[in-house]
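Engineer: Can you read through this structure? Questions will come right after.
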Amino acid sequence: VAWTDFERATIKDIFSKIDYEHIVLFLCLCLIVYPWTQRYFAGFGNLYNAAAITSNPKVAAHGKVVMQGLEKAVKNMDNIKATFTELSTLHSEKLQVDPDNFMLLGDCLAIVVAAQLGKDFTPEVHAAFQKFLAVVVSSLRRQYY
Ligand code: HEM
């Protein structure tokens with residue numbers, strides 16, 4: 001993947017600006033809006049409704065774990081595929097997550113990032129972020145067969 005200087009700077013800038021305390025809402029959003037994604041989190045306890053999901057400490061903790069995964073991609077923008085080989089195998093073979101869900105989660109993240117950045121989330125910034133998500137998703141899909 002070829003990145004422009006603008007795209008590189010924008011992705012790093014987004015991850016330095018986001019409010020990590022509240023960004024975990026993206027995982028809540030995914031579980032609420034795409035309820036079939038709840039089936040993979042049977043060990044997380046009560047996901048019965050939106051209030052239960054947003055106040056579930058396991059969901060909040062897992063949102064941070066996913067963000068840490070994404071930070072690895074930001075730090076290795078020239079090698080995201082290799083960076084995510086193990087994570088892809090985990091989601092495919094062990095967790096058996098339907099890979100169509102990856103972009104649904106990515107879109108939820110884009111919505112929460114957009115809400116946090118406000119007017120700084122310009123169309124150019126959105127395009128750069130969407131490209132980053134597309135590379136992440138295609139890397140996570142790689143070990144599926
Ligand atoms: C675990 C990242 C999408 C379900 C994880 C872990 C990371 C991660 C870093 C922890 C791995 C470890 O413990 O070594 C991501 C990223 C995603 C993504 C970057 C896409 C942007 C999804 C989606 C689902 C999912 C869409 C299901 C709908 C799970 C489950 C676990 C997990 C069930 C194990 C949770 C646990 O029991 O602790 N993911 N993930 N992931 N992921 Fe994902």
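The values are calculated or read from the model by the stated rules, or taken from the named source; none is laboratory data. Computed from a predicted structure; not experimentally measured. Ideal geometry is used to build each Cβ from the backbone, glycine not excepted, and the neighbour counts take in all protein chains shown.
Engineer: Confirm whether residue 106 is surrounded by 15 or more Cβ atoms within 10 Å (Cβ to Cβ) and either within 10 Å of the ligand (Cβ to nearest atom) or modelled with pLDDT of 95 or more (or both).
Structural biologist: For residue 106, the condition - surrounded by 15 or more Cβ atoms within 10 Å (Cβ to Cβ) and either within 10 Å of the ligand (Cβ to nearest atom) or modelled with pLDDT of 95 or more (or both) - is met.
Engineer: Out of all the residues in the stretch 12-28, is one or more without any contact (Cβ under 8 Å) to a residue 40 or more places away in the chain and among the hydrophobic types (A, V, I, L, M, F, W, C)?
Structural biologist: yes
Engineer: What are the pairs, 6+ residues apart or on separate chains, where a residue within the stretch 61-73 that is more than 22 Å from residue 1 (Cα to Cα) has its Cβ under 6 Å from a residue that is not charged (D, E, K, R)?
Structural biologist: Short answer, once both residue conditions are applied: 63/24; 63/27.
Engineer: Report, by residue number, each residue of the stretch 82-100 that is in contact (Cβ under 8 Å) with a residue 12 or more places away in the chain, within 8 Å of the ligand (Cβ to nearest atom) and part of a helix (DSSP H, G or I).
Structural biologist: 87, 91
Engineer: Further, regarding this structure: Six or more apart or on different chains, Cβ atoms under 6 Å: show the pairs whose first residue is in the stretch 117-145 and free of Cβ contacts under 8 Å to residues at least 40 places away in the same chain and whose second is assigned to a helix (DSSP H, G or I) and away from the ligand (no atom under 11 Å from the Cβ).
Structural biologist: 121/114
Engineer: Starting from residues that are outside any helix (DSSP H, G or I) and crowded, with 16+ Cβ neighbours inside 10 Å, keep the ones in the stretch 48-81 and report whichever is farthest from the ligand (Cβ to nearest atom).
Structural biologist: Here the answer is 77.
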